[in-house]
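Nothing in this text is a laboratory measurement; each read-out follows from the coordinates by a stated rule. What you see is a predicted model, and the numbers here were worked out from it, not measured in a lab. Cβ atoms come from the backbone with ideal geometry, glycine included; neighbour counts cover every protein chain shown.
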Amino acid sequence: MERPDSSFEARVGTRFEVQPSAAIAAPPDSPDETSDRRRADREYDMLFGKKQSLVGLDIGSHTIKAVELEGDSSKNHRLVRWGISAPLAEAIVDGEIMDRQLVTDAISNLLESRSIKSRNVVAAVSGRAVIVKKITMNKLSAEDAQQAVYWEAEQHVPYDINDVSLDFEILGPSPNDPKQMQVLLVAAKKDMVMSFSDLMREAGLQPVIVDVDSFAAQNALQANYDFGPEEVVAILNVGSEITNINIIQGEVPYFTKDLQVGGNSFIEAAQRKFNLSQSEAAAAVRGESGGGLEMASVIEQVCESIATALERAQVYLRTANEAGALSRIMLCGGASLTPGVADFLNRRFGVPADIANPLSRIGYDPSLFAGQDVMKVAPFLTVGIGLALRRVGDKR
């Protein structure tokens, strides 16, 4: 089998680095274009020199979040600018862009309103078109595995291999057979990756990396928390439509799954139970209704789907002898702030369940939040922060 030709070349680090297509020849530069190119080169040197600045662009189904960080060679990071767009009104559904113009306008307006000048962005994908799977294959060098993984992927990816962008990372030897190794395989429908990249270009941006939401959230939390090597941590990124589940141990993702459960699920459940309008139900879910509605049963009903998925994941990992019992649960994403969610998971699993602060080790000027409670904003920015921490060629 020939390796699929793609303008998104899979590289180590479980994300897709965006490469220019070699199939399109560029005409000679005009003097203005030469000047623009030199300016771009200076920006590139600054980007990957001492002062690094990438914009993490979290394009969610409800809002778009932008995060700009600055870092130095010592990996000290500082939040420079951030912003959250107005609601997108179903412009994106399950990762599919339904209204491109609305989304590109929202991106442009957001970056302009927050004075974000950098055009180099990192985005992420999730949903049904993204497959993350840990596989076992014969032990090979990284170079040989680069070719062999495409043969293996055909057995595990439910799409034509020519229709996907692939990335992988060698996790280490198989615990059951020293002649084999464990590999984290990441596949995304090529048309979705290209659609997202084209969308950013339409907004005047240069996509550098296309990541995966689950790994971006993991990246953000690992930059802000010290997880012990034996600690089994479930990272739940609870968005508007989707909850990304990522169970890690020793920085290795052992189980990753996207659930079709999110903030909208709480609102819809409240609408059905109490015969409320969408806005009334949203206020009730946030604990702002003032009408004395008993929301605990609604929250628990929706959280039950998340808890069941976590329990099944634990059974799978124990059966495969890959990870022990959960040590803690870390929640992020806007819907993780829903009152009662963390408490329910704490009671259900008997382990700490906390809303993560992805800014706990990242410096920022308090004036950036204009008097807002940082912990009411930071969970929304988790994926964006994880994306902005990325560097071309890094490894997780």
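Values computed for the structure shown
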| item | result |
| --- | --- |
| Ascending count of other beta-carbon atoms within 10 Å, so fewest first, for Val67, Val121 | Val121, Val67 |
| Euclidean distance between Cα centres, the range 311-330 to the range 180-239, Å | 21 |
| Taking Ser118, Ser265, Ser113 and counting other C-beta atoms within 10 Å, the order from fewest to most | Ser113, Ser118, Ser265 |
| Test item: Cα-centred dipole of the range 98-168, Lys/Arg +1 and Asp/Glu -1 on Cβ, debye | 380 |
| Of every Cα-Cα pair in the range 116-204, the percent that sits beyond 15 Å | 63 |
| Ranked Met375, Met295, criterion: other C-beta atoms within 10 Å, fewest first | Met375, Met295 |
| Fraction in percent of alpha-carbon pairs per bin - 10 Å, the range 226-355 | 13, 44, 28, 12, 3 |
| Net charge of neighbours whose Cβ lies under 14 Å from the Cβ of Ala86, counting Lys and Arg as +1 and Asp and Glu as -1 | -2 |
